[in-house]
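Accompanying notes for the structure given below.
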Amino acid sequence: MTTLLAQNPSALSHVRNKQKAAFLEAFTKSYHIRASAKAAGIDPRRHYEWLANDPAYAAAYREAEVIGIDVLEDEATRRAVEGIQHPVYYKGGRVDTYPEYSDTLLIFKLKGARPEKYKDGPTTYVDNRSITHVDSVIQLIREARKQLRDG
């Protein structure tokens, strides 16, 4: 996992306040306000005060957001492609593992990377109801057939 921070460890080094720097460093790894505030030893409201009153902090936070999103993206890719290993137990002991992959994360990655190719299909309207998935159209057809049979 190569993030912007790993490529450039000094990306946030211009932040001199230790609490601010600790919050931003934690945020680049978690992209989570509460967890980052806890790691920095501050109340989460302090972060919002800094955003509102310190333009330099706000700029550094925007840098940290970019880095944090890269971390999330790397993790999504890892889960989609490499999967997560789940343990297999037999008679109370761990005997093996098996990978579980996230098709949903892979779909989101593909849609983000090539939206023109992987965008959702066009919306169809049936009886003034918006249909966007083939399964929904099939369900409507089944409902209509049932109504015709039942009278």
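The values are calculated or read from the model by the stated rules, or taken from the named source; none is laboratory data. In this text the structure is predicted, and so the values were computed from the model without any measurement. Cβ placement follows ideal geometry from the backbone for every residue including glycine, while neighbour counts extend to all protein chains displayed.
Which residue pairs have Cβ atoms under 9 Å apart, sit 6 or more places apart or on different chains, and have a first residue in the stretch 76-101 that is outside the structural domain of S30 (by TED's automatic domain parsing) and surrounded by fewer than 12 Cβ atoms within 10 Å (Cβ to Cβ) and a second that is assigned to a loop (DSSP other than H, G, I, E, B) and of a type in the set (D, E)?
Going by the 9 Å Cβ cut-off, the qualifying pairs are P99/E82.
Restricted to the stretch 57-67, and to residues that are buried (at least 16 other Cβ atoms within 10 Å of the Cβ) and of a type in the set (G, A, S), which residue is farthest from L105 (Cα to Cα)?
Among those residues, the one meeting the criterion is A60.
Which residue pairs have Cβ atoms under 8 Å apart, sit 6 or more places apart or on different chains, and have a first residue in the stretch 29-40 that is without any contact (Cβ under 8 Å) to a residue 12 or more places away in the chain and a second that is in a helix (DSSP H, G or I) and not hydrophobic (A, V, I, L, M, F, W, C)?
Matching pairs, first to second residue: R34/P44.
Run down D54, D70 and say which single residue is surrounded by fewer than 16 Cβ atoms within 10 Å (Cβ to Cβ) and in the same structural domain as N17 (by TED's automatic domain parsing).
It is D54.
In the stretch 45-74, what residues are over 14 Å from S30 (Cα atoms) and of a type in the set (F, W, Y)?
Y48, W50, Y57
Keeping to the stretch 140-151, report how many residues are among the charged types (D, E, K, R) and either within 21 Å of E75 (Cβ to Cβ) or modelled with pLDDT under 75 (or both).
Within the stretch 140-151, the first condition is being among the charged types (D, E, K, R), and the residues that meet it are 142-143, 145-146, 149-150.
Imposing the further condition that a residue be either within 21 Å of E75 (Cβ to Cβ) or modelled with pLDDT under 75 (or both) reduces the set to none.
Counting residues in the stretch 140-151 that are among the charged types (D, E, K, R) and either within 21 Å of E75 (Cβ to Cβ) or modelled with pLDDT under 75 (or both) gives 0.
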